[in-house]
1. Just the residues that are more than 25 Å from Gly316 (Cα to Cα), surrounded by 14 or more Cβ atoms within 10 Å (Cβ to Cβ) and touching a Ser or Thr at 6+ places or on another chain (Cβ under 8 Å), please, taken from the stretch 335-365.
2. For Ile321, all conditions in the list (1) within 29 Å of Asn378 (Cβ to Cβ); (2) touching a residue at least 24 places away in the same chain (Cβ under 8 Å) hold save one; what is the number of the exception?
3. When you look at Thr351, is it in contact (Cβ under 8 Å) with a residue 60 or more places away in the chain, among the hydroxyl-bearing types (Ser, Thr, Tyr) and in contact with a Pro (Cβ under 9 Å, 6 or more places away or on another chain), yes or no?
4. Considering every residue within the stretch 66-84, establish whether at least one is part of a helix (DSSP H, G or I) and either touching a His at 6+ places or on another chain (Cβ under 7 Å) or surrounded by fewer than 18 Cβ atoms within 10 Å (Cβ to Cβ) (or both).
5. I need the full set of residues from the stretch 265-283 which are closer than 26 Å to Gly333 by Cα and either surrounded by fewer than 17 Cβ atoms within 10 Å (Cβ to Cβ) or over 19 Å from the mean Cα position of the chain (by Cα) (or both), in order please.
6. Among the listed residues Glu317, Glu312, which satisfies the condition of being out of contact with any strand residue (DSSP E or B) (no Cβ under 6 Å at 6 or more places or on another chain), within 25 Å of Ala277 (Cα to Cα) and among the charged types (D, E, K, R)?
7. Out of Leu221, Leu211, Leu230, I need the residue that is in contact with a helix residue (DSSP H, G or I) (Cβ under 8 Å, 6 or more places away or on another chain) and either buried (at least 18 other Cβ atoms within 10 Å of the Cβ) or aliphatic (A, V, I, L, M) (or both). Which one?
8. Out of Thr198, Thr178, Thr183, which single residue is in a strand (DSSP E or B) and crowded, with 16+ Cβ neighbours inside 10 Å?
Amino acid sequence: MKTFVLLLLLTGLCWPAFSQNNTNFAINGNGARAAGIGYAFTGVADDASAISWNPAGLTQLYQMEASVVGRSSVGQAEVTGFKDLGIESWNAEAASAFQFNFASFVLPISVGDFNIVSGLAYRRMYDFTSELTQTITASAFGFSFQQREFYSDINGGINAIAPSLGVELNDMISVGVTANIMTGSEDGFSSQTDDQVTVSEATYALDYSGLSFDLGLLFKLNDMFSAGALITLPHSRKFTYTDFNGVDPQTGEQELSVPLFYRLGAAIRPTDRLLLAADLNVQPVSKVEFEGVTLADLIGQEDLNSLHFGLEYLLGEETIIPIRLGFYTQPLGFNDDNGDPVVAGVLTAGTGISIGTILLDASLEYARSEQVTDKTANINLTTNELVFTLGAVIHLGSD
């Protein structure tokens, strides 16, 4: 068991020198309003973030508008069960500065009898930015240090330039498409220090590219009920390492073959003031292939299927204040030592206010997960994270 503990101490929970984010498909939802209702937005999709959630929903927008969204997060983790092995504490803290999440411009147009809405967004599809510090405090005996620190600073992610189009076929059915022209980069620095003496340092950098298409469908039975679907067609995620410890590794362009993903959503409006929504998000990430080998076989990747629930209630008469609440599951893509999937439960809340032609929305997400890292020694890892999202919409025309 001491050998196992020393191995953990040597490797830590920190990022490796080469990024693991090139296989990261964790959802990075766009929009503060969608975040407030737990990202149960596929059957709602009635603001500019429909470009990412369901482009068919763009047909519900009747005036020109622009939007911008930013996000920040903090988190902490604790590993327990090591005290009998000489480890007094093992804690981690993570944070990311307030950064870009989503920006869009939407323009309704009419072609004959068709209601057509065009949109263009620049969005963060996958966000890898995080600053992580792990601190391990050992007893005076049995280890060569009293305090070991693993530090990593990751910046970047996969962005997309996303032209989008929604077409209303009739009063009940709308369709839409979004093209995601993927770009972006990621760079990372990691280090290990023992009792404030640097033991090792590492750097890496890589660029991302690719192209994917999202197909959207929105069905509105009446003013009370709507349902939506989003299909992300099979595509490739390409990446090229440009730096490894100050040297170009010359690995060339590599790619992941991504299968079809999809989302299904429904929304009910029992009254003019109340919205209830639910989504099913299906991401068979285990079937993603790298050089003909699935991630399930390569790294034991599990699927990232999730459930989302949310509500919005409008308070007030002259000044309307929305109250938003939600919950969703956030699978981490692997099983713990008991063989159980590690899934975070995420509670969300949000609100907003209208100031003239400007709409401001804010949301807060709280995620918690627990996993058994060694069932024999009763070693467990608990994580907590807070995510804050702030967005603004500016209406540039009249109804």
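The values are calculated or read from the model by the stated rules, or taken from the named source; none is laboratory data. Predicted model, so just to flag it, every value in this text is computed and none were measured. Using ideal geometry, Cβ is built from the backbone for each residue, glycine included, and neighbour counts are taken over all protein chains shown.
1. Going residue by residue through the stretch 335-365, those that are more than 25 Å from Gly316 (Cα to Cα) are 335-346.
Subsequent filtering for residues that are surrounded by 14 or more Cβ atoms within 10 Å (Cβ to Cβ) retains 335-337, 341-344, 346.
If the condition is that a residue be more than 25 Å from Gly316 (Cα to Cα), surrounded by 14 or more Cβ atoms within 10 Å (Cβ to Cβ) and touching a Ser or Thr at 6+ places or on another chain (Cβ under 8 Å), then Asp336, Asp337, Val342, Val343, Ala344, Val346 are the ones that fit.
2. Condition (1) is where Ile321 drops out.
3. Numbers: in contact (Cβ under 8 Å) with a residue 60 or more places away in the chain: yes; among the hydroxyl-bearing types (Ser, Thr, Tyr): yes; in contact with a Pro (Cβ under 9 Å, 6 or more places away or on another chain): yes.
Yes: the conditions hold for Thr351.
4. Start the filter on the stretch 66-84 by keeping residues that are part of a helix (DSSP H, G or I), which leaves 83-84.
Of the ones still in play, those that are also either touching a His at 6+ places or on another chain (Cβ under 7 Å) or surrounded by fewer than 18 Cβ atoms within 10 Å (Cβ to Cβ) (or both) are 83-84.
Yes, the stretch 66-84 contains a residue that is part of a helix (DSSP H, G or I) and either touching a His at 6+ places or on another chain (Cβ under 7 Å) or surrounded by fewer than 18 Cβ atoms within 10 Å (Cβ to Cβ) (or both).
5. Looking only at the stretch 265-283, we keep the residues that are closer than 26 Å to Gly333 by Cα, and these are 265-266, 277-283.
Once the filter is applied, which keeps residues that are closer than 26 Å to Gly333 by Cα and either surrounded by fewer than 17 Cβ atoms within 10 Å (Cβ to Cβ) or over 19 Å from the mean Cα position of the chain (by Cα) (or both), the stretch 265-283 yields Ala266, Ala277, Leu280, Val282.
6. Values: Glu312 fails: out of contact with any strand residue (DSSP E or B) (no Cβ under 6 Å at 6 or more places or on another chain).
Among Glu317, Glu312, only Glu317 is out of contact with any strand residue (DSSP E or B) (no Cβ under 6 Å at 6 or more places or on another chain), within 25 Å of Ala277 (Cα to Cα) and among the charged types (D, E, K, R).
7. Leu230
8. Numbers: Thr198 fails: crowded, with 16+ Cβ neighbours inside 10 Å; Thr183 fails: crowded, with 16+ Cβ neighbours inside 10 Å.
Just one listed residue meets the conditions, Thr178.
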